[in-house]
Amino acid sequence: MAEIIISPNQKQRQFFESTARYTAYGGARGGGKSWAMRMKMVLLALSHNGINILLLRRTLGELRENHILPLQKLLGAVAEYREVQKEFRFPNGSRIKLGYCDAESDVLQYQGQSYEVIGLEEATHFTYFQYQCLTECNRASGNMDKPFPPRMLLTANPGGVGHDWFKRLFVDRKYRGNEKAENYAFIKSLVFDNDYMMKHNPEYVETLMALPEKRRAAMLYGDWDSFEGAFFPEFCHEVHSCRPFDIPIRWQRFRALDYGLDMTACLWLAVSPENRVYVYRELYESGLLLSEAARRIKEMTPHGESIRYTVASPDLWNRRQESGKSGAEIMMAAGLGGLKKADNSRITGWRVVREYLRDGEDGKSALCIFDCCENLIRCLPLLRFDDNVREDAADTPHEITHAPEALRYALMSRSPKTGSAGEKPPSYLYSFEGKPPEKNNIKSIIDY
Ligand SMILES: Nc1ncnc2c1ncn2[C@@H]1O[C@H](COP(=O)(O)OP(=O)(O)OP(=O)(O)O)[C@@H](O)[C@H]1O
Ligand SMILES: [Mg+2]
């Protein structure tokens, strides 16, 4: 008979014993979170016949290093590992499935599935959307001979894209809607609680001590306030989004583009006579070649809609090795005219976006996004501060940066204060059916 002998420390024991609907554990580096998560899953699988367990990390690499390999070592004689499904099958019908959610939409693969227990490792690396989707799969699987109340287990350190929702639920304990305080338990653990580390690797404490002040407060002492959360805390759905309406024909319109093969984000914007900017349409699609992206943008712009210009990331003007042509030239050849190089001063640009999000004198902000622009509305509040560059936004997770970048280019292109003073005049590329525009056309665009 195979035996697994483990000796949890006192905090890990509390984690094992918690039967709350949602139990979070940790809050600082090295407290023994991953170990506790793994072991609790094994204990649940061994003691409840037919239980379905899902253990998730953000990326496959982390999952393999942190869990698949240690579990294979631990369960070699106890459970069978199936590589294709990435799951451990126990003789009593229980299974532990391991997964990852690299892109935000990866979570949708679990839609419709049922797991009595779901573990989120490094939960602050998951977005609120992902967490919510997973709560929907946390239900009876129908495999078990005895009923088992579904539950979720979370481990986390401060910081990351999920810092705010995790902190609200488990640290600040501020609940809304149907959330009930009694369903949420948080067991804080620090590296000092991890007897194994204190005995075998006490120098690790010195490593954490040597971190910059704010990071040290978070990672060594589990201080959730030392990390800045959302990059745009001023963003609020009720204030900054609105139902679509017919935009008067005389309002000026322009587009902003952040092109990438991984994601093309293009925004359509209109300016009201009061100078309020409305984002009224978005393209958000991965895998588009330059010419395809240009065609999609044209297709999505109804005939007769007059677009003043399309401001785009400056790297579009770099020459590509394969063709010797720049991305802008390729897009122009595909029929997308009026391209204008964006001012890519990041910090100034984010400041401009922040200004637009602030309340104006009339209580309204200078920016409003039609609620059909789901990706811009989703990504703006997810942006985090860069750990190293004050005032800049982090560029991870990369997926969430495209739509906000396009918005930054858009608002910078209108900013009189920051404009291109002292720089070369913006360069324009025209296509207008392949012909250069009339001189007075150029003037009208530049004047704008
Ligand atoms: N009760 C225990 N018995 C034996 N080893 C343990 C125990 N708890 C933790 N460890 C070991 O301590 C080390 C650190 O633990 P673990 O990786 O679980 O910490 P963590 O909190 O997940 O760290 P991080 O913040 O870096 O993710 C690992 O080598 C782990 O195997
Ligand atoms: Mg860990």
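Where a number appears in this text, it was derived from the coordinates with a stated rule and is not lab data. Just so it is clear, the structure is predicted and the values come from calculations on it, not from any experiment. Virtual Cβ from ideal backbone geometry, glycine too; neighbours counted across all protein chains shown.
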inquiry  = Kirkwood hydrodynamic radius, computed over distinct alpha-carbon pairs, for the chain: how many Å, to one decimal?
reply    = 24.7 Å
remark   = the chain: antiparallel bridges as % of DSSP beta bridges, rounded to 5, reads 45 percent
Per-residue ³J(HN,Hα) for the range 266-282, Karplus 6.51 cos²θ - 1.76 cosθ + 1.60, θ = phi - 60°, Hz, x for Gly and Pro = 10, 10, 10, 10, 9, 10, 7, x, 8, 6, 8, 9, 10, 8, 10, 7, 9
Farthest positive-ward along the chain dipole, Cα basis, beta-carbon charges - from HIS200, VAL279, PRO244 = PRO244
ask   = Nearest 10 degrees, 0 to 90: what angle lies between the long axis of helix 290-299 and the longest principal axis of the chain (Cα atoms)?
value = 70 degrees
ask   = Using the 10 angstrom Cβ neighbour count as an exposure proxy, how do ASP145, ASP315 rank, fewest first?
value = ASP145, ASP315
message = Here is the link list: LYS40/LYS167; LYS11/LYS97; LYS214/LYS364; LYS167/LYS340; LYS33/LYS174. Which ones come out longer than 31 Å on Cα distance?
response = LYS214/LYS364; LYS167/LYS340
query = Between the range 281-348 and the range 97-164, how many Å separate their Cα centres?
reply = 38 Å
note = With Cα coordinates, the longest principal axis of the chain makes an angle with the long axis of helix 402-412, in degrees rounded to 10, of 40 degrees
inquiry  = Give the aspartates and glutamates reachable from LYS298 as a straight Cα distance under 16 Å; neighbours fewer than 8 places away on the same chain don't count.
reply    = ASP258, GLU282, GLU285, GLU329, GLU433
message = If I build a Gaussian network model for the chain, linking alpha-carbon pairs within less than 10 angstrom, which residue out of VAL84, VAL107, VAL239 has the largest mean-square fluctuation?
response = VAL84
ask   = What's the angle, to the nearest 10 degrees (0 to 90), between helix 128-137's Cα axis and the longest principal axis of the chain?
value = 50 degrees
ask   = What order do you get for ARG89, ARG255 when you list them from fewest to most C-beta neighbours inside 10 Å?
value = ARG89, ARG255
query = How high is the relative contact order of the range 113-213, given as a whole-number percent (alpha carbon pairs under 8 Å, six or more residues apart)?
reply = 26 percent
query = Build a GNM of the chain with springs between Cα atoms under 10 Å: which of VAL279, VAL271, VAL191 gets the top mean-square fluctuation?
reply = VAL271
